[in-house]
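What follows draws every value from the coordinates through simple rules; no lab data is involved. All values derive from a computational prediction rather than experimental measurement. Virtual Cβ from ideal backbone geometry, glycine too; neighbours counted across all protein chains shown.
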Amino acid sequence: MPNPLRSEGEAFRFLLGAVVYFAAIAIAGVINEWAGLVVFIVLTVGVIVWWWRAQRREPHPIEAVAVPHGPDDERRILVIANETVGGDELLTILRDKSAGVNEQVLVVCPALNSPVRTWASDEDGARSAAQERLDASLARLHQDGVQAQGEIGDGDPLQAIEDALRTFGADEIVISTHPVGRSNWLERNVVGAARERFDVPITHVVVDLEADPTVL
């Protein structure tokens, strides 16, 4: 059975919906037992219809994204990073991978957001913070002569990768995370899921922000 909850935002909205569902039934039941029954029937039918429609959705694609090939001396690198986007470890890896080739680097910074703000569709603050980190990282790469461009991506890193690959045929993906124990992406097995889902070589870079005070 496919899971209709395909992101943390959807899961959080489902939780809030469940709270409202039971609260509405309880309040109506206190007012009048028949009103409680009517509310229960109406809401339950609504939930069944929603669930039925969710099951009819096409499953989320997991097949590899086709990657067009550029010139022999060109290397197209897709980077996925958020808070660690300006870390020395990541920038060093990108400089090394760009040495001696015609590099094309796309840095995608997912806009991390809290569940409440995601549910309320309030993403301005998250996108603004991500843009500041991205701009600082691109500036350092440009200083080192690395041809890099950047964009803000979906808050779900796997979706951000998929979106980027639709327009940027990467030869390699670099995923940057916090160390184990401080990384939400590692807890969610984002790196492992990406390796299963995308037929593109993936390098995992760990950036310890506590040991790198230069990162914004």
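Observations on the structure shown:
- For G150, the residues whose amide H sits under 5 Å from its own are V107, ignoring neighbours fewer than 5 places away on the same chain, with H placed 1.01 Å from N.
- Ranked by the mean number of other Cβ atoms within 10 Å of their residues, highest first, the peptides 87-97, 23-33 fall in the order 87-97, 23-33.
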